[in-house]
Ligand SMILES: [Fe+2]
Ligand SMILES: [Fe+2]
């Protein structure tokens with residue numbers, strides 16, 4: 001049987017294929033390299049990691065073999081599956097990201113800004129129907145790794161999608177509220193558009209080695225209020241939308257900003273956006289720290305229930321995406337490797353899985369689907385990787401593309 005975990009000397013680390021098997025920690029227990037990171041990706045994005053590890057006296061790293069399948073192959077396989085796993089129309093997401101760019105660029109120009117916000121509101125009215133149709137939201141979220149400049153916009157779109165998905169689960173017969181939540185999710189960080197570009201693009205000081213200057217945190221904490229003011233100024237009167245924007249950094253324990261509201265006093269739309277925002281932050285590089293797989297993010301969120309979040313909302317997220325959200329690469333108890341396609345409520349540990357690699361480490365061709373059964377003897381042993389966020393091509397408006405073409 002193919003060896004699944006082996007010890008790799010530091011000098012060889014970036015030459016092997018695989019993923020980091022477990023967190024690599026420093027003497028004071030800080031995570032230097034998180035488990036689950038793909039080595040080919042590390043080679044591209046953080047070649048300096050080897051010297052960093054060396055500085056901490058680390059000589060070997062445990063590496064796991066990975067399934068011989070790429071994220072784009074998974075996407076191709078996904079489109080051929082019957083019955084299909086519905087995803088959100090990527091064009092809609094691309095247009096929304098493009099539109100967000102226009103709002104941020106023109107934030108000082110009132111006419112342009114208002115026009116941009118109104119267009120975005122129209123896009124938002126399309127989203128509830130799309131989200132209802134989308135069975136597995138984690139497969140419709142967008143990855144921002146290669147699109148650094150649009151990171152803030154992609155984050156807002158992902159938060160809106162997650163917010164709508166959760167709101168729909170909690171309030172299935174209140175469509176007006178679901179739509180307001182989506183709008184709140186879209187605009188939750190719009191107050192940041194008033195900050196100099198380097199602040200909102202580098203909100204965590206990531207590009208400066210995680211350094212945040214004392215004044216910056218204070219300025220940064222103003223963005224919920226600035227966002228609310230901006231929307232009011234554009235004639236947005238819906239209290240659920242305004243509440244979502246103003247209160248998305250409140251904490252269940254009462255330690256949040258800007259009003260230190262506690263528990264049930266926090267508007268429901270704000271509580272939902274807070275959960276969506278945290279999940280999206282954990283699974284992207286929007287904030288400092290390491291990127292979590294979706295399954296790690298959901299576990300972390302469960303741990304923060306009652307201190308930061310409304311437990312009812314975290315439970316709704318959990319029951320919507322499962323313990324192994326769609327897109328998670330999993331190792332099964334019989335050593336086969338597959339990718340989670342969908343999870344069903346009340347069946348969180350038993351998703352449908354696309355089997356890509358057999359027990360001997362050979363690629364399965366064509367890929368097969370398998371439904372993990374509660375009473376069956378095959379179960380998910382662990383998560384290996386995460387293909388949940390997809391890559392989107394940049395959007396080229398029609399008039400421009402026809403001129404180019
Ligand atoms: Fe925010
Ligand atoms: Fe945010």
- Message: One residue is enough: does segment 262-274 have a residue meeting the conditions within 30 Å of residue 25 (Cβ to Cβ), within 14 Å of ligand 1 (Cβ to nearest atom), assigned to a helix (DSSP H, G or I) and modelled with pLDDT of 95 or more?
- Response: yes
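Go through 331, 323 for me and flag whichever is touching a residue at least 12 places away in the same chain (Cβ under 8 Å) and touching a helix residue (DSSP H, G or I) at 6+ places or on another chain (Cβ under 7 Å). Please lay out each step first, then the result.
On the way: 331 fails: touching a helix residue (DSSP H, G or I) at 6+ places or on another chain (Cβ under 7 Å).
Selected residue: 323, the only one of 331, 323 that is touching a residue at least 12 places away in the same chain (Cβ under 8 Å) and touching a helix residue (DSSP H, G or I) at 6+ places or on another chain (Cβ under 7 Å).
Yes/no per residue for (1) within 16 Å of ligand 2 (Cβ to nearest atom); (2) surrounded by fewer than 21 Cβ atoms within 10 Å (Cβ to Cβ):
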{"position": "223", "(1), (2)": "yes, no"}
{"position": "239", "(1), (2)": "no, yes"}
{"position": "245", "(1), (2)": "yes, no"}
{"position": "252", "(1), (2)": "no, no"}
{"position": "269", "(1), (2)": "yes, no"}
{"position": "272", "(1), (2)": "yes, no"}
{"position": "280", "(1), (2)": "yes, no"}
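Being exposed (fewer than 13 other Cβ atoms within 10 Å of the Cβ), touching a residue at least 24 places away in the same chain (Cβ under 8 Å) and either part of a loop (DSSP other than H, G, I, E, B) or not assigned by TED's automatic domain parsing to the domain that holds residue 292 (or both), is that true of even one residue in segment 29-42? First the steps, then the outcome.
Let us first name the residues in segment 29-42 that are exposed (fewer than 13 other Cβ atoms within 10 Å of the Cβ), namely 29-31.
Imposing the further condition that a residue be touching a residue at least 24 places away in the same chain (Cβ under 8 Å) reduces the set to 31.
Checking the rest, the ones that are also either part of a loop (DSSP other than H, G, I, E, B) or not assigned by TED's automatic domain parsing to the domain that holds residue 292 (or both) come to 31.
Checked segment 29-42: at least one residue is exposed (fewer than 13 other Cβ atoms within 10 Å of the Cβ), touching a residue at least 24 places away in the same chain (Cβ under 8 Å) and either part of a loop (DSSP other than H, G, I, E, B) or not assigned by TED's automatic domain parsing to the domain that holds residue 292 (or both).
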- Of the residues 13, 52, which is assigned to a helix (DSSP H, G or I), in contact with a strand residue (DSSP E or B) (Cβ under 7 Å, 6 or more places away or on another chain) and under 20 Å from residue 292 (Cβ atoms)? 52
- Task: Read through the list (1) closer than 22 Å to residue 322 by Cα; (2) buried (at least 18 other Cβ atoms within 10 Å of the Cβ); (3) modelled with pLDDT under 85, then give the number of the only condition that residue 69 fails.
- Result: (1)
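Residue check: is residue 183 within 16 Å of ligand 1 (Cβ to nearest atom) and out of contact with any helix residue (DSSP H, G or I) (no Cβ under 6 Å at 6 or more places or on another chain)?
Values: within 16 Å of ligand 1 (Cβ to nearest atom): yes; out of contact with any helix residue (DSSP H, G or I) (no Cβ under 6 Å at 6 or more places or on another chain): no.
So residue 183 does not fit the description; no.
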- Might you let me know whether segment 296-317 holds any residue that is within 16 Å of ligand 1 (Cβ to nearest atom) and touching a strand residue (DSSP E or B) at 6+ places or on another chain (Cβ under 6 Å)? no
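The values are calculated or read from the model by the stated rules, or taken from the named source; none is laboratory data. Since the model is a prediction, treat every value here as computed from it, not as a measurement. Glycine also receives a Cβ, built like all others from the backbone with ideal geometry; neighbour counts cover every protein chain displayed.
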